[in-house]
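The values are calculated or read from the model by the stated rules, or taken from the named source; none is laboratory data. Quantities reported herein were computed from a predicted structural model and do not represent experimental measurements. Neighbour counts run over all protein chains shown; Cβ positions are idealised from the backbone, glycine included.
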Amino acid sequence: MNERISNWAGNVTFTAARLHRPTTVPELQALVAGAERIHALGTGHSFSRIADSAGDLVTVAGLPPVMDVDTAAGTVTISAGLRYGELAPYLNDKGYALHNLGSLPHLSVAGACATGTHGSGMRNGGLATAVSAMELVNADGELVVLRRGEDLFGAAAVGLGAFGVVTRLTLDILPTFEVEQYVYDGMPFATLLGHFTEVMGAAYSVSAFTDWSGPTVRNVWVKRRVDEPLPPPEQWFGAVRADGPRHPVPAMPAENCTEQLGVPGPWHARLPHFRLEFTPSSGEELQTEYFVARGDAVAGLEALDAVRDRIAPVLQICEIRTIAADRLWLSPSYEQDSVGFHFTWVKDPAAVAPAVAAIEEQLAPFGARPHWGKVFAMAPDVVAERYPKLRDAAALARRHDPRGVFRNEMLDRYLITDGDE
């Protein structure tokens, strides 16, 4: 079956000529065992070439769906191709929740974890921190299980597809909870800088949105567990509680977004910014994200403010959010509580490139780490310096995939060892 497919945004046309859709694990194992090059494809929401392959692509979305709750262990085991929007209501109906969700419920669980997708919240680790075990098909076509605490697990949990094709994941769960979502308009940028920890730590999950065009932050989204202290007041750090629903991107319809105005609802219907039943946008965008240590958040924002004239003309919106530290080798929050600066650009690579270059230059003093699934321009040796365990992960990947079955152009460029320089 020959087909040319693109990612969701359309900025990447995959070089692979075939996309396989196995319906059983043995069929997947046979595909991998017989392939020269093959790489797993999730829902295609990455903006880089992380999911591409010079050989074939394979999706696990057609494998039999699995959602098995183990109440004694406090876990759920799922088929890797499930989307968060499918898993979350099931868990909620059973009385359980995940600790965190990304902005979109449309993402496959395995794909989101593999690329370091993270959600928001000072005490909330990225999505892959919920994974306690993973079943995958390795380069020899064998089905293996990796468990939390093993070196290979630490490398493969945010594994960029370099260690195999994930078939099942076991995730930690917790009792279900309800969330109220409030949006605040017009916080002065200087106030955000002066009270960054108080603002971003005010609730379970907080995101600030700015278009870098003026002295105020467009919106601050406060997602508060109903069992947390009292909700914030009508006026808060110079911002005013919104009088109606908001969309992060100016001029986009607010009905695409999860319910606001403080109406309580289940965790999975409030933690994402967007509803599952709506396409969050048309795909007419590019995205970039960089992570710095949370202690450098204010200095990083001041550095970005110095190049706002290069950012604003090609920007749709910028989201500022926090992520707790973890121990996953290729996670952008490896061993550091982080702040993420996420940029949604216009879909014009040539126009966006100078802004990306300016941001990388401004954030260089803070050792900014790029998001694997977004657009970035850093040299491989710079990325390897920013991710302290990258070379160790690369060495493990080569040891477990000596033929390079799961390698692709991006992994060849960035997943480097000492011998590559």
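Are any of the residues in region 52-60 closer than 27 Å to residue 275 by Cα, surrounded by 16 or more Cβ atoms within 10 Å (Cβ to Cβ) and charged (D, E, K, R)? No: region 52-60 contains no residue that is closer than 27 Å to residue 275 by Cα, surrounded by 16 or more Cβ atoms within 10 Å (Cβ to Cβ) and charged (D, E, K, R). Kindly establish whether residue 28 is buried (at least 19 other Cβ atoms within 10 Å of the Cβ) and under 21 Å from the mean Cα position of the chain (by Cα). No.
This table checks each residue for (1) under 19 Å from the mean Cα position of the chain (by Cα); (2) farther than 21 Å from residue 125 by Cα.
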{"residue": "215", "(1), (2)": "no, yes"}
{"residue": "219", "(1), (2)": "no, yes"}
{"residue": "229", "(1), (2)": "no, yes"}
{"residue": "248", "(1), (2)": "yes, yes"}
{"residue": "257", "(1), (2)": "yes, yes"}
{"residue": "272", "(1), (2)": "yes, no"}
{"residue": "275", "(1), (2)": "yes, yes"}
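Residues in region 380-421 that are outside any loop (DSSP other than H, G, I, E, B), over 18 Å from residue 164 (Cα atoms) and touching a strand residue (DSSP E or B) at 6+ places or on another chain (Cβ under 9 Å): 383, 386. Filtered by the rule that a residue be surrounded by 15 or more Cβ atoms within 10 Å (Cβ to Cβ) and over 26 Å from residue 230 (Cβ atoms), region 249-282 gives 249, 252, 256, 274, 275, 276, 280, 281. The condition of being touching a helix residue (DSSP H, G or I) at 6+ places or on another chain (Cβ under 9 Å) and over 30 Å from residue 35 (Cβ atoms) holds for only one of 119, 149, that being 119.
Of the strands (runs of 3 or more DSSP E) lying entirely inside region 167-235, those containing at least 1 residues that are in contact with a Gly (Cβ under 6 Å, 6 or more places away or on another chain) and without any contact (Cβ under 8 Å) to a residue 60 or more places away in the chain span 178-188, 216-225.
Residues of region 270-324 that are among the acidic types (Asp, Glu) and modelled with pLDDT under 95: 277, 284, 285. Only residues that are part of a loop (DSSP other than H, G, I, E, B) and over 10 Å from residue 291 (Cβ atoms) were counted in region 304-336, giving 9. Which of the residues that make up region 132-158 are over 30 Å from residue 199 (Cβ atoms), β-branched (Val, Ile, Thr) and buried (at least 24 other Cβ atoms within 10 Å of the Cβ)? Of everything in region 132-158, just one residue is over 30 Å from residue 199 (Cβ atoms), β-branched (Val, Ile, Thr) and buried (at least 24 other Cβ atoms within 10 Å of the Cβ), namely 137.
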